[in-house]
Amino acid sequence: MQEPQILTIEEKKLIGMRVITSLADDSARALWRQFMPRRSEIKNKIGTELYSVQDFGNGIDLSQFTPLTQFDKWAAVEVSDLGAIPEGMEAFTLPGGLYAVFRHKGPAAAFPETAEYIFDQWLPQSGYSLDGRPHFEILGENYPGPDDPNAEEDVWIPLK
């Protein structure tokens, strides 16, 4: 895996849907199946990217994280303002700040290898530590789906 880009971003306004889930009870597929047919209802979209956000509340302690650790999982798009939120959807403000951006290539089932590299190899040697902001992935408008071996997504890890 190649070295990440280190980027600072401004906060982003998102509108989408969320579920409370864990890695053991991954509700992401059901969330995306519910969100995708309705994303066209969202007005004032910025770009065509999709945001898959994991919000751990006040952050995540990797030493305490297990497959049963619960978090909010969002399927969302970026918008210019939060004035028109479709029924059944919610607003989320993604805080700005410093991020390491990794490229994951392959199906979602191969993501544990990417996560192992990020958290077990790269992060401990990087001079950075994990920040308490949400983690997220950006999926391009032509994202082929989580089972496609040619899928690519940018994985954003909050740093301090």
Practice task
State the answer as a single residue: which of ILE42, GLN125, PRO95 lies farthest towards the positive end of the charge dipole of segment 5-158, with beta carbon charges of +1 for Lys and Arg and -1 for Asp and Glu, about the Cα centre.
Solution key: ILE42
Fill in the blank from the handout: Contour minus Cα-Cα span, GLU116 to ASP26, at 0.36 nm per residue, comes to 30.6 nm
Fill in the blank from the handout: Ranking HIS104, SER22, LEU62 by how far each Cα lies towards the positive end of the charge dipole of the chain (+1 on Lys and Arg Cβ, -1 on Asp and Glu Cβ), the top one is SER22
Problem - Packing-based exposure ordering (other Cβ within 10 Å, fewest first) of LEU7, LEU31 - result: LEU7, LEU31
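Lys pairs in the chain, Cα-Cα under 17 Å, at least 8 apart or on separate chains: how many? Mind dumping the intermediate values first?
On the way: LYS12/LYS43; LYS12/LYS45; LYS12/LYS73; LYS13/LYS43; LYS13/LYS45; LYS13/LYS73.
Final tally of qualifying lysine pairs is 6.
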Problem - Size of segment 77-160 as Cα extents on the principal axes (Å, biggest first) - result: 43, 33, 18
Problem - Cut-off 13 Å, label 7 Å out along Cα→Cβ of THR69, residues of segment 119-157 by amide N - result: 119-120, 130-135
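Please work out how much length the chain gains when fully extended from ASN58 to MET1, using 0.36 nm per residue of separation minus the C-alpha to C-alpha distance, in nm with one decimal. Present the calculation step by step, with values, prior to reporting the outcome.
Working: separation 57, 0.36 × 57 = 20.52 nm, distance 2.87 nm.
My answer for the length gained is 17.6 nm.
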Practice task
Quick one: P(r) of segment 1-149 from all Cα-Cα pairs, 10 Å bins, percents rounded to integers, in order of increasing distance.
Solution key: 10, 39, 39, 11, 1
Problem - Charge dipole magnitude, Cβ of K and R +1, D and E -1 - the chain, Cα centre, debye nearest 20 - result: 340
Handout entry: Whole-Å distance, taken between Cα centres, linking segment 1-62 and segment 98-138
Key = 15
Completion exercise
Taking 17-27, 119-129 and ranking on average Cβ neighbours within 10 Å, highest first, one gets 17-27, 119-129
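Each value in this text was obtained by applying a stated rule to the coordinates, not by laboratory testing. Since we're looking at a predicted model, the values are computed, not measured. Reconstructed Cβ throughout: ideal geometry from the backbone, glycine too, with neighbour counts over all protein chains shown.
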